[in-house]
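Here is the structure we will look at.
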Amino acid sequence: MKKYRLAFSFLIVSLVIAFSCKKINEATELGGNLIPDVDNVKTFEVALTADATNSLFDDSVRVLYSDLLALGDINDAEFGNVHANFCFNVSSSTYGSYPYKPSHDSLGVVDSVVLSLSYAGAYGDTIGNGIQNISVYEIGQSAGFFDTVAYRYKDPASDFSGTLLGSKTYTINRLAADSAIVFTPGDTAVHKEGNVVRIRLNNSLGQKLMLFDAANNANGGYYNDSLFQILFPGLAVKSANSGNALSYFDLTDGDKTRLTVYYRYKNNNKDTVGAVNYTHSRFGQSNYVKTQPGSNWASAINNPAADKIYIQGAPSGAYGRIVIKGLDAMANKVIHRAELIAPRVASSDDNKYPPPQRLFLDRTNKGLPDTAFALTRDLIISESASGTTVEFDLFGGTIKSDDTYRFNITRYVQGIVTRHESNDTLRLYAPFEAIVYNPQHITSLGTIGGYMSLPVNNRIYPGRVVLAGGNFAADATRRLRLRIIYSDL
């Protein structure tokens, strides 16, 4: 046994950072009560060097109806520029009948047109700056914006434009307090709404909508939704190149996100006020989020083997490719715990731009660098009628109190040292949704392999973070590493 341990120690020293000579027993936050103490007699601890390179990939995630949409502009001293615009359609709630009183033959007069957007949070410099300047455009009929297309977040062709209708300047951190009285015809109660951005639009849009009729003809916008979408494809909301923050909006919130036309009409020879609302009630949205690498991230792209890893949230393509040295050469052991530990390091503007809520780890097969596989033995995935459930609590990925991200990949490592399975390249990134192949995908047809879209973060561009690489020079104790607690057989 002693001879074996000496041979093993020599191998590890040549390939990894070894801790077999002293008891470390670093705190483990993932199921620590199940791990035996490191006593250097029966149970040992070792940290294997993890080599990481900065890489780019094409994030193909699409914009879904239920997604929060981003709007704004960020100039990050560490990562560069992020800019977001979005487009969406609206629908009438009264197809088959004309919504304005008294009738199409006796038109009223438009008082005002207001676009309301339900505010759902922000990212960036919302305290020191957070002033957003936005403009709204009517998308032209020939622009090619369709309600049947699932646009990609990274697709510049999804950033439509048209005729300017209005502009607005607002301060993000005042949206909750800046509630406004909202008028509803026939309702005598005072109704206030907060967390809403309201943009006054040109009255010409209201006049256009008022002229639609409910007949099955070329102007029959109120005949059905198909004709309405042809005549009025939608609105484009664009941010100026300022603000250093992203705002997020919930377009599915029909109570707060709506296009309202306020108008006056004659009722028994008296002026009467009315209002017609249009809501985003069906598929038909895009959100172009453009990232332009700058500063240290741009340098890291040109120097993939830098001692820091730059992770930027989707739809950016910034991720770390990780190779664990020495794992293939490790003899068969009982693996009690194997954690990939990725320490966070300080970077410019950390106080303005916090790290992502969650990072994700998957693997790529050798010879197939563009195919990602879920670590299904360690990441439990289940599907039901209500959707996909991913057990992140045991797998890890959220930042810990010691400023590290940790991933439990015990079963993956056990498969390598026991069954000689492939020591694949790992991929560390911050997706909105991770599209990965699951060889144990369970469907109604049984257990079959297939691609899955796993929800990881709750919105597009969840943040950015700089991590220490495996050769981080400033502090060797904060390097990227694989920590293993094991027993000999």
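Bear in mind that the values in this text are calculations on the coordinates, not laboratory data. Everything quoted here is computed from the prediction, not taken from an experiment. Note that we place each Cβ from the backbone using ideal geometry, even for glycine, and neighbour counts take in every protein chain shown.
General observations
- Over the chain, the Kirkwood radius and the radius of gyration, each from Cα atoms, give a ratio Rg/Rh of 1.09.
- Sites D58 and K101 - FRET efficiency at Förster radius 41 Å, r taken between beta-carbons, to 0.05: 0.20
- Span per principal axis, largest first, for the Cα atoms of the stretch 80-291 (Å): 59, 39, 23
- DSSP-loop trypsin sites (Lys or Arg not before Pro) across the stretch 269-321, with at most 16 other Cβ within 10 angstrom: R282
- If R0 is 35 Å, the Cβ-Cβ spacing of D488 and E391 corresponds to a FRET efficiency of close to 0.70.
- 3J(HN,Hα) along the stretch 331-345, derived from phi through the Karplus expression 6.51 cos²θ - 1.76 cosθ + 1.60 where θ = phi - 60°, amounts to 6, 4, 9, 8, 8, 7, 7, 10, 10, 7, 10, 10, x, 7, 10 Hz, with x in place of Gly and Pro.
- Segment R174..H420, full-extension length gain: 82.8 nm, with 0.36 nm per residue of separation and the alpha-carbon distance subtracted.
- Excluding exposed DSSP-loop GluC sites (Glu not before Pro) (at most 16 other C-beta within 10 Å), longest clean stretch of the chain: 30-420
- Built amide H within the under 5 Å cut-off of G469, gap 5+: K308, I309, L480
- Over the chain, Cα pairs under 8 Å with separation of 6+ residues give a relative contact order of 24 percent.
- Calculated FRET efficiency, A143 to D51, Cβ-Cβ distance, R0 = 51 Å: about 0.60 to the nearest 0.05.
- A full extension of the chain between N471 and S161 corresponds to an added length of 106.9 nm, given 0.36 nm per residue minus the alpha carbon distance.
- Note on D37 and D328: their simple-model spin labels are 3.8 nm apart, each label 7 Å out from Cα toward Cβ.
- Working from Cα pairs under 8 Å separated by at least six residues, relative contact order for the stretch 80-291 is 43 percent.
- Using alpha-carbon coordinates, inclination of helix 410-419 to the longest axis of the chain, degrees: 50 degrees
- Percent RCO, i.e. relative contact order, over the stretch 304-382, from Cα pairs under 8 Å lying at least 6 residues apart: 13 percent
- Stretchable slack from T371 to S204, in nm (0.36 nm times residue separation minus alpha-carbon distance): 55.1 nm
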